[in-house]
Amino acid sequence: MSDHGFTDLGTADPQFSDPRAAEILARVFGYESFRGDQQAIVDHVIQGGDALVLMPTGGGKSLCYQVPSLVRAGTGVVISPLIALMQDQVDALTELGVRAAFLNSTQDWQDTREVERAFVAGELDLLYVAPERLLTERCQQLLARGRIALFAIDEAHCVSQWGHDFRPEYLGLSMLHEQWPNVPRIALTATATDVTRVEIAERLALNDARHYVASFDRPNIRYHIVEKQDVRRQLLQLLRQEHAGDAGIVYCLSRNKVEDTAAFLCTQGIDALPYHAGLGAAVRAQNQSRFLREDGVVMVATIAFGMGIDKPDVRFVAHIDLPKSVEGYYQETGRAGRDGLPATAWLAYGLQDVVQQRRMIDESAGDDAFRRRLGAALDAMLGLCETVSCRRQRLLQYFGQSITPCGNCDNCLNPPESWDGTVAAQKMLSAIYRLVKERGQRYGAGHLIDILRGKETPRVLEHGHGTLTVYGIGKDLSEQAWRSVLRQLLAQGLLMVDQEGYGTLALTDESRAVLKGERTLMLRREADKPVKAAATPRNKSLQPDLPRAAQSVFEALRSWRAGIARSHGVPAYVIFHDATLREIALARPDTLEDLGFVNGVGIKKLESYGESILECIAELAE
Ligand code: ADP
Ligand code: ZN
């Protein structure tokens with residue numbers, strides 16, 4: 001992978017590849033080679049260059065600063081907003097034999113003092129610090145007393161004022177450069193747009209940083225967007241038929257919906273937990289911890305949940321409300337399948353989502369430019385929902401990257417039909433025109449469709465709408481089909497939700513061209529197909545391709561790992577990832593030396609767990 005043609009501003013020698021980096025990668029992390037741009041980034045930072053790294057979730061950002069921190073003299077200082085995850089990150093490094101610690105508000109003064117002492121004494125390879133802590137006088141004085149290998153600014157998009165993860169303290173981080181002009185800085189994010197990239201570089205004063213932009217494709221994630229009908233039933237079907245026993249996240253827009261949905265799933269025998277900013281800190285921490293540590297927990301959450309969660313085996317992310325932007329959608333779905341194994345990104349959206357979000361934008365505080373920006377973001381999201389071509393292509397196009405159709409999204413697997421909806425659109429638009437013109441009334445989608453289909457509802461009778469010329473002209477289409485037409489008209493800006501009346505529909509300037517027959521309109525036909533795509537059935541442990549013998553070794557190793565993780569009080573993946581257990585199961589080593597060759601088994605883990613793993617395998621052979 002390359003840095004996509006960005007001007008090479010660094011001064012480091014591009015040919016140079018530091019042998020110490022490869023040695024540390026193998027010995028400490030147990031990996032045989034770097035991935036993608038990792039090598040180039042690591043070399044650049046080791047030589048003292050600044051870097052701005054854009055890599056999707058699961059792309060391997062951590063190694064980009066961890067390896068240089070181990071090679072360069074001094075401590076790598078990692079700035080991260082994710083206080084709740086620092087303990088796990090430090091535990092994972094400690095398991096690898098790396099000397100790591102953190103400073104944040106959850107510590108008591110004794111712990112703080114000990115970490116500070118260790119830093120000054122040069123006993124730390126990595127130090128994680130919350131940004132608000134870093135900006136304190138005390139912390140600055142502390143840092144001045146030790147030796148710093150580099151600054152890593154994780155989740156760097158938090159500096160962007162337009163994103164929903166904005167943290168004001170991040171703006172203060174530009175001072176790092178002033179205070180420590182000779183210490184290299186590496187900023188990392190999984191956010192992909194050019195606008196954000198430029199904004200990060202500007203606000204963090206990363207003027208000479210080399211930019212590394214990886215491909216943002218996540219080929220193992222299957223995208224699936226469906227029309228919302230009975231969303232609870234649809235969600236349940238997804239969880240039961242495709243993801244029984246799997247860990248996953250269900251995103252909702254509101255706190256109430258989070259609570260209701262979690263409670264509903266629990267009544268259906270699913271181990272679901274709620275997470276939103278309105279819950280007490282202790283409850284949030286507890287739910288997050290259960291999600292990370294236990295198998296098969298479903299987290300029902302607002303977007304307050306998820307950033308930096310590095311649980312590798314999240315098998316699905318389901319949205320039961322429409323996300324506000326493609327960028328948000330990509331971030332949230334990206335939390336599925338970090339381990340590279342198959343995962344699902346599922347979204348149900350309907351007419352009400354469009355109406356509701358348009359209204360929220362109209363009512364939002366802020367100036368017109370701000371509202372236009374929100375509107376454009378929503379339009380792009382709707383475009384993704386209504387597209388008849390490859391979802392992944394559309395998604396990556398949004399980030400300026402192009403691919404051929406992916407073969408792993410609903411549209412590729414079950415190509416939707418499109419149909420000439422010009423006449424249907426004309427019928428609907430003229431019905432709205434009549435209603436607005438002649439009656440000046442407030443009405444919603446349901447009433448409009450009743451009129452088109454010629455239904456004698458109390459409301460139709462009461463208002464005498466049966467006499468309208470448009471009454472009953474749409475009997476040829478089902479109610480569902482009309483909803484689909486209406487949604488697509490809204491998505492394409494051919495209709496708008498009136499700001500005055502709740503949910504009242506109004507024509508736009510563009511509607512006229514359709515009404516006058518100057519424009520044909522191709523629409524997407526909703527597939528009445530079940531949720532399930534042509535997926536091969538999977539068993540719970542997700543290792544369908546392992547031979548039967550290896551499968552039982554894998555299961556044995558998993559329960560061995562569960563025991564260790566429990567006794568250490570850490571998530572299972574901190575001990576070993578599934579991918580590593582898979583490799584061990586396939587290799588079935590009977591010596592420590594052979595075990596050491598397995599990807600993901602570094603020197604420290606071999607020392608700590610080698611014997612015990614060999615025993616576990618040997619027992620199985622008896
Ligand atoms: P990110 O922070 O970009 O989301 P991580 O740093 O958590 O990604 O890495 C994702 C996964 O890939 C982790 O399990 C990590 O151990 C693994 N990984 C990263 N780089 C390599 C590599 N060079 N070889 C093998 N596995 C790797
Ligand atoms: Zn596709």
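Check Q229, Q286, Q234, Q268 and return the single one that is open to solvent by 20 Å² or more (accessible area, probe 1.4 Å) and touching a residue at least 60 places away in the same chain (Cβ under 8 Å). Among Q229, Q286, Q234, Q268, only Q229 is open to solvent by 20 Å² or more (accessible area, probe 1.4 Å) and touching a residue at least 60 places away in the same chain (Cβ under 8 Å). Scanning region 52-71 turns up no residue that is part of a helix (DSSP H, G or I), surrounded by fewer than 22 Cβ atoms within 10 Å (Cβ to Cβ) and basic (K, R). Evaluation of V317 against the conditions (1) more than 12 Å from the chain's Cα centre (by Cα); (2) of a type in the set (A, V, I, L, M); (3) open to solvent by less than 10 Å² (accessible area, probe 1.4 Å); (4) within 22 Å of H164 (Cα to Cα) shows that the sole unmet condition is (1). Against the list (1) in the same structural domain as I225 (by TED's automatic domain parsing); (2) within 22 Å of M496 (Cα to Cα); (3) open to solvent by 60 Å² or more (accessible area, probe 1.4 Å), the condition V423 fails is (1). Against the condition among the small types (G, A, S), without any contact (Cβ under 8 Å) to a residue 40 or more places away in the chain and not assigned by TED's automatic domain parsing to the domain that holds D509, how does G407 come out, does it pass? Considered against the rule, which asks whether it is among the small types (G, A, S), without any contact (Cβ under 8 Å) to a residue 40 or more places away in the chain and not assigned by TED's automatic domain parsing to the domain that holds D509, G407 comes out as yes. Of everything in region 182-216 that is of a type in the set (K, R) and either under 23 Å from R335 (Cβ atoms) or open to solvent by less than 10 Å² (accessible area, probe 1.4 Å) (or both), the residue that is nearest to ligand 2 (Cβ to nearest atom) is R197. Against the numbered list (1) at pLDDT 85 or above; (2) part of a strand (DSSP E or B); (3) surrounded by 15 or more Cβ atoms within 10 Å (Cβ to Cβ), M496 comes up short only at (1).
Is it the case, given these coordinates, that D313 is touching a Leu at 6+ places or on another chain (Cβ under 7 Å) and in a loop (DSSP other than H, G, I, E, B)? Don't jump to the end; show me each part of the working.
Numbers: touching a Leu at 6+ places or on another chain (Cβ under 7 Å): no; in a loop (DSSP other than H, G, I, E, B): yes.
Considered against the rule, which asks whether it is touching a Leu at 6+ places or on another chain (Cβ under 7 Å) and in a loop (DSSP other than H, G, I, E, B), D313 comes out as no.
Mind checking whether some residue in region 101-124 is in contact with a strand residue (DSSP E or B) (Cβ under 9 Å, 6 or more places away or on another chain) and within 16 Å of ligand 1 (Cβ to nearest atom)? Checked region 101-124: no residue is in contact with a strand residue (DSSP E or B) (Cβ under 9 Å, 6 or more places away or on another chain) and within 16 Å of ligand 1 (Cβ to nearest atom).
Taking region 144-170, which residues are open to solvent by less than 10 Å² (accessible area, probe 1.4 Å) and either touching a strand residue (DSSP E or B) at 6+ places or on another chain (Cβ under 7 Å) or at positive phi (or both)? Steps first, please.
From region 144-170, those open to solvent by less than 10 Å² (accessible area, probe 1.4 Å) are 149-153, 156, 158-160, 170; that's our starting set.
Once the filter is applied, which keeps residues that are open to solvent by less than 10 Å² (accessible area, probe 1.4 Å) and either touching a strand residue (DSSP E or B) at 6+ places or on another chain (Cβ under 7 Å) or at positive phi (or both), region 144-170 yields A149, L150, F151, A152, I153, A156.
Pick out, from region 559-613, the helices (runs of 4 or more DSSP H) lying fully within it that include 2 or more residues that are within 16 Å of ligand 1 (Cβ to nearest atom). If you could, list the steps in order and put the result at the bottom.
On the way: elements: 572-575, 578-587, 592-596.
By residue number, 572-575, 578-587.
If the condition is being closer than 19 Å to T504 by Cα and of a type in the set (S, T, Y), then region 447-476 contributes T457, Y471. Taking every residue in region 450-467 that is closer than 11 Å to A431 by Cβ and assigned by TED's automatic domain parsing to the domain that holds A424 and pairing it with any residue that is open to solvent by 30 Å² or more (accessible area, probe 1.4 Å) and in a loop (DSSP other than H, G, I, E, B), at least 6 positions away or on another chain, the pairs with Cβ-Cβ distances below 7 Å are I451/Y471; L452/I473; R453/K475; H465/Y471.
Among the residues of region 48-73, those identified as more than 6 Å from ligand 1 (Cβ to nearest atom), at pLDDT 95 or above and not hydrophobic (A, V, I, L, M, F, W, C) are G48, G49, D50, Y65, Q66, P68, S69, R72. Any residue at all in region 459-478 that's acidic (D, E), touching a Ser or Thr at 6+ places or on another chain (Cβ under 9 Å) and more than 16 Å from ligand 2 (Cβ to nearest atom)? No - not one qualifying residue is present in region 459-478. Within region 215-225, the set of residues being in contact with a Lys or Arg (Cβ under 9 Å, 6 or more places away or on another chain) and of a type outside the set (K, R) comprises D217, P219, I221, Y223, H224, I225.
The values are calculated or read from the model by the stated rules, or taken from the named source; none is laboratory data. What you are looking at is a predicted structure, and each value in this text was computed from that prediction instead of being measured. Note that each Cβ is placed from the backbone with ideal geometry, even for glycine, and that neighbours are counted across all protein chains shown. Remember, those area values only see protein heavy atoms, side chains included, never the ligands or the DNA or RNA. Shrake-Rupley method; radii C 1.70, N 1.55, O 1.52, S 1.80 Å.
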